[in-house]
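The values are calculated or read from the model by the stated rules, or taken from the named source; none is laboratory data. The structure presented is a predicted model; accordingly, all values stated were derived computationally and were not measured. Cβ atoms come from the backbone with ideal geometry, glycine included; neighbour counts cover every protein chain shown. Areas reflect the complete protein model, heavy atoms only, side chains present, ligands, DNA and RNA absent. Shrake-Rupley method; radii C 1.70, N 1.55, O 1.52, S 1.80 Å.
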Amino acid sequence: MTQEKQRLVIVGNGMAPGRMLEELFDRAPDVYDVTIFNAEPRVNYDRIMLSPVLSGEKTFEDIVIHDDAWYAERGVTLHRGEKVAKIDRAAKMVTSEGGLAASYDKLVIATGSSPFIIPVPGHQLPGVLAYRDLDDVDGMLGACAKGGRAVVIGGGLLGLEAAAGLKAQGMDVTVLHLMPTLMERQLDAAAGYLLQRELESRGIDVRCGANTKAIHGETCVEAVELEDGTMIDASLVVMAVGIRPSADLAKEAGLEIGRGIVTDATLRTSDPDVFSVGECTEVDGRVYGLVAPLYTMAKVAAEHLTGPSEAAFKHAETPTKLKVTGINLYSVGEFGDAEGTEDVVLRDAMRGTYKRVILKDNKVIGAVLYGDVADGMWYNEMLKSGEDVSEFRDTLIFGQAYQGGGGADPLAIVANLADDAEICGCNGICKGDIVNAITEKGLASLDGVRAHTKASASCGTCTGLVEDLMTLTLGDDFAAGAPAGMCGCTTHSHGDVRRLIKAKELKSIPEVIQELEWTTPEGCAKCRPALNYYLVSDWPGEYVDDMQSRFINERVHANIQKDGTYSVVPRMFGGITTPDELRAIADVADKFEIPTVKVTGGQRIDLLGVKKEDLIPVWDDLNKAGMISGAAYAKGLRTVKTCVGSDWCRFGTQDSTGLGIKLEQLLWGAWSPAKLKLAVSGCPRNCSESTCKDIGIICVDSGYEILYGGAAGLHIQGTTMLGKVPTEQDVLETVGALTQYYRETGYYLERIYKWADRIGYDHIKSVIYDDLEQRAAYFDRFIFSQKFAQIDPWAERVAGAEAHEFAPLADLTLEAAE
Amino acid sequence: MNIQVSADAVQWTLVGAVTDIPRQGARCVKRGDMTVAVFRTSDDRVFALEDKCPHKNGPLSQGIVHDGCVTCPLHNWVISLETGSAQGADEGQTASFPVKVEDGRIYLSL
Ligand code: SRM
Ligand SMILES: Cc1cc2nc3c(=O)[nH]c(=O)nc-3n(C[C@H](O)[C@H](O)[C@H](O)COP(=O)(O)OP(=O)(O)OC[C@H]3O[C@@H](n4cnc5c(N)ncnc54)[C@H](O)[C@@H]3O)c2cc1C
Ligand code: SF4
Ligand code: FES
C-alpha cells in the first residue's frame, strides 16, 4: 500500500530552501509533494556568484544550482514569478498575487531579505538599482553598455563587489561610504584603509564619510549630490546599504515577528506546521546574512520535516571574505574595542599585509587579516574550540607555520588541521569529509571533489585549500599549483604539449599519448580535438586529420541541432550574393523540405533542420550552383563581414566589400585554435562592426587600420590597433601573418583576444607589424598550409569521402514489420 | 559483446561488418522509431546503445568515442558503452543491447 504523500509548500526559492530540499530528498525522497512559489521568474541559482556574472567572469548558466530537469526529476512544482500574497493558516493555504492557490500540510517561509533603499529625493528614478538578484545585474549590465560613471552607495561587501564588477565592465566608478572606513562591520580601520588604497590603485574612486543628499535627473539618473554640496555625474546608481529580513507576509499571517520571523532552534515558527529558513528567519535572537548559517538552518529544518530529530540550530561565527579577484581579506568574530580584550597586531608595510588577532582571557575571539590570509582558518579553529593560547601567545601572530612542528611549508598547515576543521565555510564541509570523498570515491580532479562534496562549489574562495588537501591525499598524482593539465588525461599544459609536439616531432595522436605519458589509453573528448588541431596546424601536408577526434560538426561539416538535425550555411564571400545563388538556395530549401531559412548575424543564409541523410544531396546542389561550405561549425575561419564601402556609400573611403571578399578568399578553409571572424568597414563609422571582431579592418583615406583582439560573445571588448598599412596587399599579408602566428601559438579554444592577453599585444605588434621579415615568414607559412586546407569539404563528401557518416549501417524496420 | 543471455531466448540479427564502422566511431541501425548506435572501439570491441542520451536525448552515435565511453555531442555527458550509464557526477542510463561478433560480422539482439 502506498502512503498518501504530504503537501509541502515553500514560499521563496532562494539558496536556503534550495539546500533544504536537497537535504530533504536525500533523507526521504517520497514523503512530500513539493510546490514552490518564487517571486523571481527563474530557477534556483547561486546568488553569491552574481558578482562574477556582473564582471563577466561567469554566465547565468554557470551559476544555476537546480535546472529544470532537477525539478522535473523530483516532481517538484515550481511557480516562477508568482509572489505569495497571503497565507491563510486556518485553511492551511497560500495564494499568490497572480491568484494561484496551494494547500499545505507543512509550510516553509523562505522569503529572504529585501535590499534597503535610502529614501533620498530621486531614489525612484530609472537608473537607481539595488544589488540583490539577476534583474539588478541585468540592469547594471544594460547601463554598462551605455558607459559613463556608476555611483555605488555603500562600501560594504556587496557595494565593493558591485564596484569591482562595474569597473571590470569598463565603467568609471565612485563608491560613497557613510562611515570613515570601508567595510567597517567586518574590518577594523587599518585593514579598511589598506583596502581603500588597493581599490583606488585600480582606478575606483572611494569617498568615505560621504552622505548622499539627493539623486538628480529628469527622466533618469544624471548626478548624485552629497550633503556637502559636491555633485557627481552618474548614469547609474547602485544602492548597497544593507538588507532587511522580508517578514511582512509572515507578520500578516499572525506569526510571531521580531527582527525576522521568530523560530525555535528546530526552525519552527510560532505555528508548529510552519517553518522558516534563510535570511528572513530570526533564531535565538539573531538574523543572518551569509549562506553558511542558512545552510545549517536548511539541514536542521530538513531533519525535522522528515521525522523526529534531535537536530538543533546553534550559532557559529562565519568568516567574511571579499570576492574581488586579487584582493585577499578575511575577518571573523569580534574586533571592537570591548573591555577586557587585547590585540596582537602585525603590519608589513612593504608587502601591504596586516594581521590582527583579538584575544580575551587568552582565547581568540576574532581575527582580521589583509593581504596574507593563509592563517585565517587556523585562527577560526582556535576561535571555535576556545583553546587557551597563552603558551604560544608570543608567536601566535606569525601564524601556524611558525609554531613548533609546523614548518614553513604551506601544505604542512593544511596537514596539521584536525579532521573536523572546516575548509568550505559556505557549505560547512570539513577536512575529514573531503579526504574521505577523495579516497573512497577515487576523486582525482577538483571538479570531482566539487560534484561530490560541494566543497569550494559556492563562493570558491577555499579552492586553494581543497587543492592542498588533494595534493596531501593523492601525493604526486595531483600537482596543485602547477599549470593545470589540458584535461584529466595528462598533467601537461597546452603550452607544454604544443612545444613538445614540435621538439619531439610527434606526428600522430597515439604518438603524443605514448610519448607524453598520457594516463588514459586513448585520451578523451577534451584533449583529442585539441591534439588533432595542434597536429593539423604543425604538420601541414603530412598529418592526416583524425576524423574520430573531431567534434561531430567538424566531422559532418554542418551544425548539429538540439533535435539531431543539422544546419547548413553556404559561404557568401564578403556577404555578397547573386540572384542565381539565392535561387539555388531557394530550390534546395523546397526540394528537401527544409523548415527554416534564416539570415544569420554573419551576413549569410542558414538552412536549419536538414536531415542527416539529406546533407550530401543538399551540398551537391549547392556545389553545383558554385557555393562551398561556410564552415559555420569550424574552429577556423567563419565570416568576413563587410559594408558597402566606396562603391555606393557617400562616406566610404576604400572598397571595403572588395577587400572583405579578398580576405575571405585568402583565409577560408584555415583551421585555427578557436573560431575566427573578421570584418571590414569602409570608414570609421564602422557599419560592419570591425571593432569587436577577432580581426577588423577600418578603411581610412590614407590606407587601412588593422585591429584585432575584439570580442562580442560571452565577453565583450573592443579591438586593439595592430597598425596602419597603405595598400590592400599589405592588409592581406599582415592579416595572413597574424592568423598564422595565432595558429602556431594559440591554445585550443583560445579566441584571439585571450591569446593576445597571454602573449602580449606589444609583443605581437613587434613580431607581425614592426618586423617585416618575420611578417613575411609567417605569411609564407600560412600560404603553404592553405594549399592543404582550401579543399571544400562538401565537394569531398559528395565525391564519396567519409560515406559511413551519412548512411545508417542497417535499417531493420521492414524486417521487424514482417 | 560478452553479454551472457540464455541461448534460446535470443534472436540475433545481422546488421553489418565490423569494418563498416570506423575505429572509435559509430553507425546507426534503424528500426521503426528507434535508432540504435553501434560503436566500435580502437581495440575492435563492438557495443550497441539506444541512440539517445539519458540527459536530453542527444544522438550518442555522433559523439567522440574514448576509453570504452562516448561523449555526447550536445552537452558532453560521458556514457559508458558497456552499461549505458552516465559517468562521473551525472546520473542516468541509456538502454544497451547484446552484441555478438562472428567472423567479423555484427549481430544484435534488439
Ligand atoms: C547562426 C548564428 C545565429 C544567427 O542566426 O544569426 C549563430 C549560431 C550559433 N552560434 Fe553564434 N551564431 C551566429 C553569430 C554569432 C555572432 C555574431 C557574429 O559572428 O558577428 C557571435 C558574437 C561574436 C563572437 O563570435 O564572439 C556569436 C557568438 C557565439 C558564441 C560565443 C563565442 C565566444 O567566444 O564568446 C558561441 C559559443 C561558442 O562558440 O562556444 C556561439 C555558438 C553558436 C552555435 C554554434 C551554438 C552551437 O554550438 O550549436 C549556434 C549554431 C546554430 C547553427 O546550427 O547554425 N556563437 N555567434 C550566427 C551565424 C553566423 C554565421 O553566418 O556564421
Ligand atoms: C551580490 C551578492 C553577493 C553575496 N555574496 C555572499 C558571499 O560571498 N558569501 C555569503 O555567505 N553570502 C553572500 N551573499 C548573501 C547570500 O546570497 C544570502 O545570504 C542568501 O542568498 C540568502 O538566501 P535565502 O534563501 O534566505 O534568500 P534569497 O536567496 O534572497 O531568496 C529569497 C527568494 O524568495 C523570493 N520571495 C520573497 N518574497 C516572496 C513571496 N512573498 N513569494 C514568493 N517568493 C518570494 C525572492 O524573490 C527570492 O528569490 C551575497 C548576496 C548577494 C546579493
Ligand atoms: S544562436 Fe547563438 S545566441 Fe542564439 S541560442 Fe544559439 S548560441 Fe545562443
Ligand atoms: S543530451 Fe547528451 S549531454 Fe545533453
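Data overview
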item: With every protein chain in place, the range B:13-108: carbon and sulfur % of accessible area (1.4 Å); result: 39
item: Ranking by accessible area, most exposed first, for A:V700, A:V618 with a 1.4 Å probe; result: A:V700, A:V618
item: Set of aspartates and glutamates with alpha-carbon distance to A:K5 below 12 Å, sequence-local pairs under 8 removed; result: A:D30, A:D33, A:D105
item: The range A:301-360 versus the range A:641-715: alpha-carbon centroid distance in Å; result: 54
item: Other protein chain Cβ atoms within 10 Å, averaged over every residue that makes up A:513-525; result: 3
item: Unit charges on C-beta of K, R, D, E only; dipole of the range B:13-108, Debye; result: 260
item: Percent RCO, i.e. relative contact order, over the range A:592-751, from Cα pairs under 8 Å lying at least 6 residues apart; result: 16
item: Residue mean of other protein chain beta carbons inside 10 Å, A:527-537; result: 1
item: Extent along principal axes [Cα atoms of the range A:128-241; Å; largest to smallest]; result: 40, 30, 24
item: Set of aspartates and glutamates near A:K677 by C-alpha distance (under 12 Å), chain-local residues within fewer than 8 positions excluded; result: A:E664, A:E689, A:D694
item: Computed over chain A: relative contact order in percent, which uses C-alpha pairs under 8 Å that are six or more apart; result: 7
item: Debye log10 I(q)/I(0) at q = 0.09, 0.12, 0.18, 0.20 Å⁻¹ for the range A:672-818, Cα point scatterers; result: -0.38, -0.58, -1.05, -1.22
item: Gap separating the Cα centres of the range A:3-41 and the range A:512-543, nearest whole Å; result: 47
item: The range A:123-155-the range B:34-82 distance, computed between alpha-carbon centres (Å); result: 46
item: Size of charge dipole - the range A:637-786 - debye, nearest 20, with Cβ of Lys, Arg +1 and Asp, Glu -1, no other charges; result: 560
item: Violating pairs (Cα-Cα greater than 29 angstrom) within the set A:K507/A:K787; A:K86/A:K314; A:K598/A:K724; A:K146/A:K323; result: A:K86/A:K314; A:K598/A:K724
item: Nearest 10 degrees, 0 to 90: helix A:157-168 Cα axis against chain A principal axis; result: 20
item: Per DSSP, loop trypsin sites (Lys or Arg not before Pro) in the range A:682-788 with at most 12 further Cβ within 10 Å; result: A:R685
item: Nearest-ten-degree value, helix A:728-745 long axis tilted from longest Cα axis of chain A; result: 50
item: Among beta bridges that DSSP assigns inside the range A:1-139, antiparallel share in %, nearest 5; result: 35
item: Area accessible to solvent at A:L582, 1.4 Å probe radius, in Å²; result: 70
item: Dipole magnitude of the protein assembly as shown about its Cα centre (Cβ charges: Lys, Arg +1; Asp, Glu -1), debye to nearest 20; result: 1420
item: Mean Cβ count within 10 Å, highest first, over the residues of peptides A:629-642, A:202-215; result: A:629-642, A:202-215
item: Chain A: angle of helix A:15-27 to the longest principal axis, Cα-based, in degrees nearest 10; result: 90
item: Relative contact order %, the range A:128-241, counting alpha carbon pairs below 8 Å whose residues are six or more apart; result: 33
item: Residues of type aspartates and glutamates that A:K167 reaches as a straight line, Cα spacing below 20 Å, ignoring anything fewer than 8 places off in the same chain; result: A:E57, A:D133, A:D135, A:D136, A:D138, A:E198, A:E200, A:D205, A:E222, A:D233, A:D757
item: Buried solvent-accessible surface, both chains (B, A), 1.4 Å probe, Å² to nearest 100; result: 2500
item: For A:S567, solvent-accessible area (1.4 Å; no DNA, RNA or ligand), Å²; result: 0
item: Helical contribution to [θ] at 222 nm, DSSP H n ≥ 4, -39,500 (n - 2.57), averaged over chain A, rounded to 500; result: -9500 deg cm²/dmol
item: Chain A - percent of accessible surface contributed by carbon and sulfur, probe 1.4 Å; result: 50
item: Flagged links, alpha-carbon separation over 21 Å, of B:K56/B:K100; A:K431/A:K454; A:K693/A:K765; A:K611/B:K56; result: B:K56/B:K100
item: Rounded accessible area of B:H66 (nearest 10 Å², 1.4 Å probe); result: 20
